[in-house]
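**Q** Next up is a structure, given as structure tokens.
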Amino acid sequence: MAESRAETRPAAAIQEDGLATFFQQHRRRAYLFALQMVGDPEDAMELTQEAFLRLHKCWHKRSASGSALPLLYTILRNLALDLLRKRAVRREEEAALEQEPTPEPGPEALASQEQLSAALWQAILRLPQAQREVLLLKDFHGLRYDEIARVTGSTRALVSSRLHDARERLRRRLARYL
Amino acid sequence: MQPSRHEQIRALLSAYLDEELTQADSQRVRIHLEDCPECRQHLHELGRLKSLTGRLAFPDPPEEKMKELERRLSVRLSRGLGWILVCGGAAAWLVYALVMAILHWRTPTVKEMLGGAVLVGLLMLFFSVLRERLLELPHDRYRSVKK
């Protein structure tokens, strides 16, 4: 995913060790990953801020190649999972009824690319969380298997297996439209 | 029961698509695909799914929100540096003043007393903020989150 926006000049206080440049380059993708994980724009913005603050604290721990991207995704993922856990607890406490997933649109509604994308996103949302995050990290954010394994604290083989399962599920669900 | 040849190959198609297979496995898949239209179709569908997922459109974060985020980060990060400078400087000054007081005890001048008052004031502010942070710690929503 390419960053397409014209970026503003970085603030003086975060101009250290390339962190300011990194912030400018990856703030949008960080926000989108947070949004994909938690679904709410306000929460996504808050998680993005918290993630960059934490990244600043452990900036020296980035990989030898200098890329801090897997580290940023790891922090974001942990923050998002924590928020999702708290939401689940809150839902249980409130004894709220689980919301039915939005039904997939029928073939007539899938005439346009946008509607097919909407159907795909609904199908992705119905994947188990572990499969969904691997799929998004690979196909939307473009990480390699070994990077995804680091982000999710798993192994390369498990990443490969989860990705295979996720794609097969999506393929079956959207088979009529592929 | 042993998985069929098709099943074995299909289990590898996802990683083949991502160019994440070993050279040997990749070669095995390529040879199979040459003679198997069904698996080629399967791979085509996986490729289309991958492409569609990569092009999913999400609303951009509002630029104003991003600028606000940058401002908030800037403020919080510069505050941290400021506290380090204030505390480090105050500690060094305190040690120096104590050593000088022990070595050359005399009644302090007005200038020294004013400087001391500023130092003590800064230390009181520091401990007040530190106490507040410690009291807030149990309510920090991200406290338990690992980096």
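Values in this text are rule-based calculations from the coordinates and carry no lab data. Fair warning: this is a prediction, and the values are worked out from it, not measured in the lab. FYI the Cβ positions are ideal-geometry reconstructions off the backbone, even for glycines, and counts take in every protein chain you see.
**Q** Residues with beta-carbon under 12 Å from that of A:Phe140, excluding A:Phe140: net charge, scoring Lys, Arg +1 and Asp, Glu -1?
**A** In short, +3.
**Q** Taking only Cα atoms, what is the 0 to 90° angle, nearest 10, from helix B:23-35's long axis to the longest principal axis of chain B?
**A** The angle comes out at about 40 degrees.
**Q** In nm, to one decimal, how far is the B:Glu68 label point from the B:Glu136 one, both placed 7 Å along Cα→Cβ?
**A** Once both label points are built, they end up 1.8 nm from each other.
**Q** Calculated FRET efficiency, B:Leu123 and B:Glu19, Cβ-Cβ r, R0 51 Å, to nearest 0.05?
**A** Values: r = 60 Å, r/R0 = 1.17.
Plugging the Cβ-Cβ distance into 1/(1 + (r/R0)^6) gives 0.30.
**Q** Of the peptides A:38-49, A:79-90, B:23-34, how do they stack up when ordered by the mean number of other Cβ atoms within 10 Å, highest first?
**A** A:38-49, A:79-90, B:23-34
**Q** Now, a different point. Return the calculated 222 nm mean residue ellipticity for chain B, to the nearest 500 deg cm²/dmol, obtained by summing -39500 (n - 2.57) across DSSP H runs with n ≥ 4 and dividing by the residue count.
**A** -26500 deg cm²/dmol
**Q** Moving on. Shielding by partners for A:24-31, please: the mean number of other protein chain Cβ atoms within 10 Å of each residue's Cβ.
**A** On the way: counts 2, 0, 0, 5, 4, 0, 2, 6.
That works out to 2 on average.
**Q** I'd like the orientation of helix B:37-54 relative to chain B: the angle between its Cα long axis and the longest Cα principal axis, in ° from 0 to 90, rounded to 10.
**A** 30
**Q** In peptide B:5-18, how many Cβ atoms from other protein chains are near each Cβ within 10 Å, on average?
**A** 3
**Q** Let me ask another. Shielding of A:68-76 by partners, i.e. mean partner chain Cβ atoms within 10 Å per residue?
**A** Counting Cβ atoms of other protein chains within 10 Å of each residue's Cβ and averaging gives 1.
**Q** Just need the relative contact order of chain B here, percent rounded to a whole number, with Cα pairs under 8 Å and 6+ apart.
**A** With pairs under 8 Å counted, the relative contact order is 16 percent.
**Q** Where the only charges are on Cβ atoms (+1 Lys, Arg; -1 Asp, Glu), what is the dipole of segment B:26-109 about its Cα centre, to the nearest 20 debye? Each step should come with its number before you reach the end.
**A** Numbers: 13 positive and 9 negative charges, 75 e Å.
I would put it at about 360 debye.
**Q** Next question, about the same structure. Which whole-number percent is the relative contact order of segment B:5-54 (Cα, under 8 Å, 6+ apart)?
**A** This gives 41 percent for segment B:5-54.
**Q** Shifting gears a bit: Under the rule of at least 5 residues apart or a separate chain, name every residue whose amide H is placed under 5 Å from the amide H of A:Leu143.
**A** So A:Leu143 has HN proximity to A:Lys138.
**Q** On a full-extension model of 0.36 nm per residue, what is the gain between B:Glu112 and B:Ala92, subtracting their alpha-carbon distance, rounded to one decimal in nm?
**A** Working: separation 20, 0.36 × 20 = 7.20 nm, distance 1.54 nm.
The span from B:Glu112 to B:Ala92 would gain 5.7 nm if fully extended.
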